[in-house]
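The values are calculated or read from the model by the stated rules, or taken from the named source; none is laboratory data. Predicted model only: the values in this text are computed from it and were never measured. Cβ placement follows ideal geometry from the backbone for every residue including glycine, while neighbour counts extend to all protein chains displayed. These area figures cover heavy atoms from the full protein model, side chains too; ligands, DNA and RNA do not enter into them. Shrake-Rupley method; radii C 1.70, N 1.55, O 1.52, S 1.80 Å.
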Amino acid sequence: MSGELGQPQAGPSHAGLDLPNPERNRAGVPGGVIRRAGAQGRRSWIQKVLEQITDSPLQWVTPSEVVPVAVLAVQRYLLEDEPRDTIPKPPLYCYDVTISDGVYQEKCYLDPSLNFLVYKNILKVGIEMKISRVSCLYNEKRLGQGILCIDNVHCGETLEDISLETPFRNSAHEEVPERPLRGGKSHYLALWNNEDPYGDIWLTNKQPEEHNFNNTKIISLSHLEMTWSSRRNFPALLVRILHKSKLRYYGKPDKKMIEPYQTFLEVADSSGTVSVIMWNALCPEWYKSLRVGLVLLLQDYSVKKSYPFRMQPLPVDPQIKLISTMEICLNLRDPPTNIIIIPEKQVKPEWRLPKLNHRFITRSELDDMPENHICDVIGILVFVGRVQRSKKKESREDFWSYRWIHIADGTSEQPFIVELFSTSQPEIFENIYPMTYFVCTQLKLVRNDAQVPKLLYLTTTNESRVFLTGHRGQPYTNDIKNANRPSTSQATRKENQSQERDNNKQYQDDDPMGSQYFPATHESLSPTKKKRILQGPCAKLIPVPQPETSAQRGNRPDTPNIFQCRESTSAGVQGKARKTISDRWESPLWREKKFGLIDHLHYSCVHPESIPRKFIFEQRKFLTEQFNSQPAKYIPPEGRPPKLEDFKSARSLGHFEVTILGLNHEIAIDVAFLPMYSPEDLRTSQIDTLLTCMNYSCVYPQETPGNDRLPRALAGDIIKAVTKLDKVHIVGILDICNLGNNKVEVYLHKIYSPTNTS
């Protein structure tokens, strides 16, 4: 590793577990030989620690010298149950951490008691780390082999210069594909979800090949449907892929499946369309090579009765029969399926294979579409939110990854608002940025016209696919010849309009986990969110302007967080006198109780990484990294990266600090309230009460061009309205957002005034 590692800041210190020596898989513990190093050159700290633990009679040791090491990789996998376990346990995801001491690299096992450091984004790639306690899991079947385990650490700051050229001390860790240190799994999972393919096992090398059909017997899907239950052998199928689902990982600790994956293909010939299920090891071999529109010859498959509760996507042609009584199964064995991609030039018209029929709609047409309508969209990305995560089940460690995006197509002033879940295309999901053409298929419309503002957005389905660059050769090209695509100048204008409106509060009511308000995340794992309900009176309200960039501030002194607000006593009446509204409001009850609190929680800070930034094309790589989750492997930066604070904010509104006092007047909490513009809806155009404002999470002031501060009239209106809540019993809904690295933000999502408090 080039350069010196500085002293890390004090980090969390946690005692490790005395781990037993569990039974391993048939190959034993895949640890390297612990051999003594020679005296030539610089001594490796990793090697010295291994020698120290092999000479110790204890199961764990404290290194005689604690030296900072660099974290190069954090990789996740599912650990299997031990053979002696009689009761199935919930899934335990383990982490292998690759470190470098400047001489060697070593892949180590992270004690599960330290997993929370990964969850909180404290332990991540690119940082320096001090390891203060280690142990060794030995391979009891082979002499001198074992795994170095990390039991106690201090995590430091991000390093600016890390060399990736140091060799592995154990050459077995350089194998391709990479294998986890423990258990019998053959591969790692993606770091933050189970849907994305990750690692070298996922092949992309399958190519079309011409096939001689002279000796190939082919059966139609409709004929197969009528005869499959009485057949022992099935003739080949010649079909076109109409839909492809995202991956499903179904691994469990008590299942010994090596690669427990499943994906669905909807395929069709001239007689019908049917579901094809690809199982297990076939998924890593074929998933990334198969795309919608390809023609396949399927041989040696199996057929079974279809699962009754699965909803098939709508057929691309309503004239084609939807076969729902059977499913085609593709397996690596029993029997071993043969898949051949037929070149398009070999496809004959007499085969009458269906053509793809995309359902592209324009933004101007979206308002007239019914709820749950399935459609495809194309346009220019004008807003890209940060990657977020929500739990699939509260008691599990499995998460959905998603982000919010805006797509403009030039047919409306409003963009498409899309809730984009991972579609098992991480190469696209993690590399989208504004000002690029974007296509998303199989979206479902979510709407609620009774809500104020109206709820209207699109969300991905199980069969959704996304496309980012280069439309030539894509399956939808024949369907977009008449698409109304905006020019770059249109997109630039819409980008400014879109980013000034918050993208998430419009549909947070429909998001059970509570969408994060701001999009951009810096050095953060996907934020995880929880909702909490609290009761008590509103005690204090303070408007906080949006912070300036260093370029905007120049040599002027820092502006204070509090400023004077003015409001017209009669809006729109010329010549009326104006009076000064105080820049903050405090309840008399708060002034009486604030010095006698048992606890006062301060969570009203909005961190710089939570402020959306204006997009600069030349800095797209840096900005894209800020919006994404932490990578599993360290990627050296190109040159000296800029600072996020140097990018201009895309919001014209600041935020309010709201203090809520508990019902017993013993505990108070400061939270952030984030207003947004919604000038197009006139039904609640007056800020008559703070309840109205907060229940709809929006305000309706006159826009002030070029003003990047919280408009003074707006601040005055809200401060005036909040005085009506003095000593009022309210129920508040809070969004608690973990930004990682020990940073938490709490937002006031909604407040209610209960009519019955008995």
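Some notes on this structure:
- Against the conditions (1) among the charged types (D, E, K, R); (2) surrounded by 23 or more Cβ atoms within 10 Å (Cβ to Cβ); (3) over 22 Å from the mean Cα position of the chain (by Cα), GLU365 satisfies every one except (2).
- One residue stands out in the stretch 737-758 among those that are hydrophobic (A, V, I, L, M, F, W, C) and surrounded by 17 or more Cβ atoms within 10 Å (Cβ to Cβ): the one that is modelled with the lowest pLDDT, namely ILE751.
- When the criteria are applied in full, LYS246 fails the requirement of being touching a residue at least 40 places away in the same chain (Cβ under 8 Å), touching a helix residue (DSSP H, G or I) at 6+ places or on another chain (Cβ under 9 Å) and within 23 Å of ALA281 (Cβ to Cβ).
- Qualifying residue in the stretch 712-727 (condition: closer than 17 Å to CYS605 by Cα, at pLDDT 55 or above and surrounded by 18 or more Cβ atoms within 10 Å (Cβ to Cβ)): no
- Residues of the stretch 281-298 satisfying the condition of being farther than 14 Å from VAL267 by Cα and either hydrophobic (A, V, I, L, M, F, W, C) or more than 32 Å from the chain's Cα centre (by Cα) (or both): ALA281, LEU282, CYS283, TRP286
- Qualifying residue in the stretch 57-78 (condition: modelled with pLDDT of 90 or more, assigned to a loop (DSSP other than H, G, I, E, B) and out of contact with any helix residue (DSSP H, G or I) (no Cβ under 6 Å at 6 or more places or on another chain)): yes
- Of all residues making up the stretch 114-125, the number that are within 17 Å of PRO631 (Cβ to Cβ) and more than 20 Å from the chain's Cα centre (by Cα): 0
- Going through (1) within 24 Å of the chain's Cα centre (by Cα); (2) surrounded by 19 or more Cβ atoms within 10 Å (Cβ to Cβ); (3) touching a residue at least 40 places away in the same chain (Cβ under 8 Å) one by one, TYR261 falls short only on (3).
- Residue within the stretch 411-423 that is of a type in the set (Asp, Glu) and under 30 Å from ILE616 (Cβ atoms) present: yes
- Residue check, ASP269 loosely packed, with under 15 Cβ neighbours inside 10 Å, over 19 Å from GLU397 (Cα atoms) and either among the acidic types (Asp, Glu) or in contact (Cβ under 8 Å) with a residue 40 or more places away in the chain (or both): no
- For the stretch 229-247, taking the residues that are of a type in the set (Lys, Arg) and part of a loop (DSSP other than H, G, I, E, B), the one that is most open to solvent (accessible area, probe 1.4 Å) is identified as ARG232.
- Subset of the stretch 82-112 [of a type in the set (A, V, I, L, M, F, W, C) and at pLDDT 90 or above]: CYS94, VAL97, ILE99, VAL103, CYS108, LEU110
- LEU296 open to solvent by less than 10 Å² (accessible area, probe 1.4 Å) and without any contact (Cβ under 8 Å) to a residue 60 or more places away in the chain: yes
- Residue within the stretch 200-222 that is within 30 Å of ARG76 (Cα to Cα), acidic (Asp, Glu) and at pLDDT 95 or above present: no
- Some residue of the stretch 205-228 being part of a loop (DSSP other than H, G, I, E, B), open to solvent by 20 Å² or more (accessible area, probe 1.4 Å) and under 21 Å from ASP334 (Cβ atoms): no
- Within the stretch 248-257, one or more residues are within 24 Å of SER186 (Cβ to Cβ), among the aromatic types (Phe, Trp, Tyr), in contact with a Pro (Cβ under 9 Å, 6 or more places away or on another chain) and surrounded by fewer than 15 Cβ atoms within 10 Å (Cβ to Cβ).
- Residues within the stretch 583-634 that are in contact (Cβ under 8 Å) with a residue 40 or more places away in the chain, in a loop (DSSP other than H, G, I, E, B) and surrounded by 13 or more Cβ atoms within 10 Å (Cβ to Cβ), tallied: 19
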